[in-house]
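What follows is a single structure, written as structure tokens, with notes after it.
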Amino acid sequence: MNKTANTLLNSIESNPSNYSNLKDWGIELTYGGEFANSTTSNLYLLSLSKRIGHSNFSLRYTPGYQKDFIFNSGESIILNDSSTQTLSSKFIYKEIFGFGYSYQITDKLSFGFTTRLFNQEFNNEVVEPVFSDSLFFNLKTETEKINFWKTDFGINFSPVENISFSVASINLIDVSSKTDITSNSAYEIRRPKGVLIGAYISPIKQISFNFLYETTQSFMAGIEGTFDLPNGSIGLSVTAMHDKYQSPYIAGMLPAISYQSKVFGITLSGVKYFRDKNTTQSFSVFENEGIRNILNNRYSFDKVTLTITFRLNTITEEKAKILSIEIVQEIFPAFEDNYLDKPFALGRVVNKTDKRIRIKPSSKIIGFNRDIIYSPSVSITAYDTVEVPFYTIVPDTYSNKQNKVSYADFYISTRNNETDDKLQKPILINKINAWDGKVFHLKEFIKKDQNYLMKYAKEILSENKSKLDTIVYFLTTFYKAKILFNNLFKKFVYVADPNATSDFVQFPKQTINLKGGDCDDLSVLYSAVLESVGIQTALIDYKPEKGLGHVNLLFNTELSPRRAKWITDNDSKYFIRKNSNGKDQVWIAIETTSLTGFMKAWELGIEKFNNEAINKLGLAKGKVEIVDVQ
Amino acid sequence: MKKLFINITLLIILGFFFYGCDSPAPTELVIDPNTITEDQVDVEIITKDTRDEFYSNGFDSTGVAHRLHKFGSVIIVTGTKISDRKSTIKFSLAVAAFFDRSKPVNNMHGDIVGFHTVMPGVVKFNGIKAKIKPLNIKYRNGNTKVDTTLGPIYVVFSGRLNSVDPFGYNFLSNVRFQLIPAVGTATSFSIPTPEEITGKVTFNGHRADKSLKAVLEWNKSSGQKIEIILGAVVKGSNISFPFYRLKTRDDGRLVVPSQLLNTIPFERFDKIIFSFVRRFEFNNGSGSNRLKILSQSIHTIIIDIP
């Protein structure tokens, strides 16, 4: 139902929150003509509306919302020549201007109010006798003006896209400029309080039905058909109107045709009243029933209006919309590289246009990212919905030692510097030492402090240079690992996690400083130290049946199987693995929690490895997993 | 593109403002019998010169202020009552005047101020022989007032208890008129009388703040219209001036237009007079034989100005 039709019902303004659909600036102009004895035309309405965030503001100037009545007042004067001059009256009712505000609470719910100023002018010709030496009449016009402000509130609710309901007050707040009773008060616009209830349903895209009911027992019912064009749509509607104060029962019909594009709309609508227009209008009926509406009353003439609407959106139209966001990974700041290739969130984004679009997703975690982090662009076909990954980058400087809940803002844009839609979700940012229990992610801790560890390891090896110089070259790696272990762990103690959980891992430097840690801390440290001097390592993940698991490590002695006897005669104390060139080499397992010495750690490490990984077929069954650090 | 739209919009708006705005066509309403708030009243000024005492001797309480000298021959029968705050007195009056329109009386400017009268014979009302009285008029001749007699007229008058003449004006009845000429055939006919009118005046407001409002009520009848004469009495004298003649529907109520009351110079007048006149009016004959017959009930109310 077009808005022009709405304004013709008794409430004058059917929906105080009706500006909610605007995106930015809106200008509307309605020009109309009345078919009285002579055809007159006028600018009915000029309105300006602006959306700011979820708020909509509107101003309207309504010079054409006017209804005039003239009648002989019943008083006549008889002049000297016995002719009679009849005195007349003219009553003028106007709506001057109004303003409105509405707020979009959610996509489905909005509320608002409108306030409008009305003016009533009562002009009565009177004769004023003048007593001087002679008595004569002076004809003059007495004018009384009464203004009133009217405010109404309304709510719109659209549970689904094709159904909406509205409720609005009628004449809820009514403030008049004059409260004293005057002789013209009987002719003021009647303003009974009431409620307006509206419903809209569109069973299919091309057809919609509208119904408006006033508790003052008037209603409008309409049907509208919409036909899509390449750059807009054409709508055809017809509305039947019943007004308690007009006859016949269906007092009139309101046909309308409109063309709407993204920035421009034009509507041609009309009102055809069915009453007999040849009968004279009785003053006694007017004084008994008055009028309740300036534009639509028992005295209104047939009219045609042309409405032109401009939607001057400086805000780009939303081409894509975020339907939902799912956080698929908590943020573990230690896992720096993890978020570069694995998204921390997945969004469902819909293309609202009839063309393929390319969106650029981005995000910013408040209190974590300093800048917006852009993820790879995604192409979406017309009206399609796709899953969009959001990646992030852990800042180098992040060192928060406490977990905290923050919010992540997610954006999608189809153009530079303009956001089509955004959504915010809460997200957990773990402390810097937090670990998710996956041995694979211990690699992220091993990579830390490499410069420090390189220097630290070289100092140890340098101190043992004379010993290393005497060793045959192909045993250098084995002995480097042995020297490093014995020097590193000689003053260490094993310390289990305070809460016996696997959610805290020390960085290598922290373990050196603390001189202790649990299996994951010590494995991380030893692996990091060996890697810093170029010794290849792998973590062994002993997965538990239940409870806590265990981790120790293998390192590559770089010995060929043939030379394994140089370090042990027992071929069960090592493990043959291919290096990156596909060449078999000897790896040995080290139990880093055995801090008594390298040889003991080796013995315990290989014993656990043989028992869990080989004898119990842990590797085959997936109960034991070897995770290469490089 | 956006600027283009804005410019087009502004041009259209300005165009409509300057070239396309008419005043809306008004709806014309017709006052009908069911109208209750709008009184239909015709107002006529009677006294043009409020210092001319000519009008003082002709107030309509007796029904003879009809400027008889301006008429053709006339017969007036009246049942009158006059109320003040103390009492109401009733009397009846019948007058017949026959003018010779070939004998005008002119002022110095040549304007006709009346016609001389003639006596065609004996006149009787309800069988009572009318007395002969002179018809005196006053008129201005330049700066001087002229008193003159136009001639004899026939008068039957009865005051309290039918004193003077035993003539009684009976309402909703007939007055029998007889003319017995000296030569020729006697003429007689009955003049019907209207329902007696009884008025009531209620004042609201006060003259000091120009808020005086008079609500007139009377026993309504099926007649077409009644006449109400609004006048005032000069302070400290018995001279009365009729100011306005109001004609309105005989519907029992009239709110006097406030301007008529509040503009009266109350420093010169201390009483207001309302005369309610319900009248039957007939015309008989034409040309020099034209005869006007008025039969009327009059109630005059004299009120101290509140």
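The numbers here are math on the coordinates, done by the rules we state, and not lab data. Note that the structure is predicted; figures quoted are calculated from it, not measured. Using ideal geometry, Cβ is built from the backbone for each residue, glycine included, and neighbour counts are taken over all protein chains shown.
Could you work out how far helix A:476-489 tilts from the main Cα principal axis of chain A, as a 0 to 90 degree angle to the nearest 10? Long axis of A:476-489 versus the principal axis of chain A: about 70 degrees.
With the charge dipole of the range A:566-630 set up from +1 on Lys and Arg Cβ and -1 on Asp and Glu Cβ about the Cα centre, the Cα lying farthest toward the positive end among the listed residues A:568, A:586, A:601 is that of A:586.
When +1 charges are put on Lys and Arg Cβ atoms and -1 charges on Asp and Glu Cβ atoms, the dipole computed for chain A relative to its Cα centre reaches about 2560 debye. The distance between label points at residue B:211 and residue A:614 comes to 12.0 nm (points 7 Å beyond Cα on the Cα→Cβ vector).
Relative to the longest principal axis of the Cα atoms of chain A, the long axis of helix A:450-463 makes an angle of roughly 10 degrees. Ellipsoid fit via the Cα gyration tensor, the protein assembly as shown: semi-axes of 117, 26, 21 Å, each the root of five times an eigenvalue, largest first. For the range A:330-351 versus the range A:374-396, the spacing of their alpha-carbon centroids is 10 Å. Based on the alpha-carbon gyration tensor of the range A:439-628 and its eigenvalue square roots a ≥ b ≥ c, which shape applies: rounded if a/c is under 1.5, prolate if not and a/b is larger than b/c, or oblate? Verdict is oblate for the range A:439-628. Straight-line cross-link partners of residue A:277 among the aspartates and glutamates, defined as a Cα under 20 Å from its Cα and at least 8 positions apart when in the same chain: A:34, A:68, A:243, A:287, A:289, A:302, B:28, B:32.
Fully extending the segment from residue A:205 to residue A:268, taken as 0.36 nm per residue of separation minus the present Cα-Cα distance, adds 20.5 nm. Averaged over the residues of peptide A:66-79, the number of Cβ atoms from other protein chains lying within 10 Å of each residue's Cβ is 6. Within the shell of other residues whose beta carbon sits under 14 angstrom from the beta carbon of residue A:598, the net charge comes to +4, with Lys and Arg scored +1 and Asp and Glu -1. For the set A:342/A:482; B:103/B:133; A:319/A:431; A:431/A:573, the pairs lying more than 31 angstrom apart at their alpha carbons are A:342/A:482; A:319/A:431; A:431/A:573.
Placing one identical point scatterer on every Cα of the range A:3-312 and ignoring solvent, what is log10 I(q)/I(0) from the Debye formula at q = 0.08, 0.13 Å⁻¹? Per q value, in the given order, log10 I(q)/I(0) is -0.41, -0.98. Each of B:104, A:155, A:176 was placed along the dipole of the protein assembly as shown (beta-carbon charges, centred on the mean Cα), and the one lying farthest toward the positive end is B:104. Of all DSSP beta bridges confined to the protein assembly as shown, the antiparallel ones make up roughly 95%.
Cross-link reach is defined here as a Cα-Cα straight distance under 19 Å, omitting same-chain residues fewer than 8 places apart; for residue B:131 none of the lysines meet it.
Subtracting the Cα-Cα distance of residue A:121 and residue A:399 from 0.36 nm times their residue separation leaves 92.6 nm of extension gain. What shape does the range B:142-195 have by the C-alpha gyration tensor, where a ≥ b ≥ c are the square roots of the eigenvalues, rounded means a/c under 1.5, and otherwise prolate means a/b greater than b/c and oblate the rest? Here the range B:142-195 falls in the oblate category. Pull up the cross-link candidates among the aspartates and glutamates for residue A:616, meaning alpha carbon to alpha carbon under 17 Å and not fewer than 8 places away within one chain. Within reach: A:541, A:545, A:607, A:625.
Each label point was placed 7 Å from the Cα along the Cα-to-Cβ direction; for residue A:571 and residue A:348 their separation is 5.9 nm. Relative to one another, the C-alpha centroids of the range A:22-64 and the range A:136-171 are positioned 15 Å apart.
Between residue B:30 and residue A:217, how high is the FRET efficiency from 1/(1 + (r/R0)^6) when r is the Cβ-Cβ distance and R₀ = 35 Å? Nearest 0.05. Computed FRET efficiency for residue B:30 and residue A:217 comes out at 0.80.
Hey, for a label at residue A:88 modelled as a point 7 Å past Cα toward Cβ, could you say which residues of the range A:102-146 have their backbone N under 14 Å away? Once the point is set 7 Å along Cα→Cβ of residue A:88, A:123-126, A:141 turn out to lie under 14 Å by backbone N, inside the range A:102-146.
Given R₀ = 35 Å, what would the calculated FRET efficiency be for residue A:438 paired with residue A:584, taking r from the Cβ atoms and rounding to 0.05? Computed FRET efficiency for residue A:438 and residue A:584: 0.75. Among the listed pairs B:81/B:129; A:303/A:352; B:145/B:292, those whose Cα-Cα separation exceeds 32 Å are A:303/A:352. Could you let me know the centre-to-centre spacing of the range A:88-121 and the range A:422-446, using Cα atoms, in angstrom? First find each Cα centre; the distance between them is then 56 Å.
Neighbour counting of Cβ atoms within 10 Å sorts the residues A:407, A:44, fewest neighbours leading, into A:407, A:44. Here the simple spin-label model places points 7 Å from the Cα toward Cβ, and for residue A:628 and residue A:231 these points are separated by 6.1 nm. Among the listed pairs B:138/B:271; A:404/A:515; A:50/A:262; A:108/A:321, give every one whose C-alpha distance is greater than 18 Å. Exceeds cut-off: B:138/B:271; A:404/A:515. Shape class for the range B:41-304: oblate, because the ratio a/c of the largest to smallest gyration tensor axis (alpha-carbon atoms, square roots of eigenvalues) is 1.5 or more and b/c is at least a/b. Placing a label point 7 Å from the Cα of residue B:235 along the Cα-to-Cβ line, the residues of the range B:258-300 whose backbone N sits under 20 Å from it are B:260-274.
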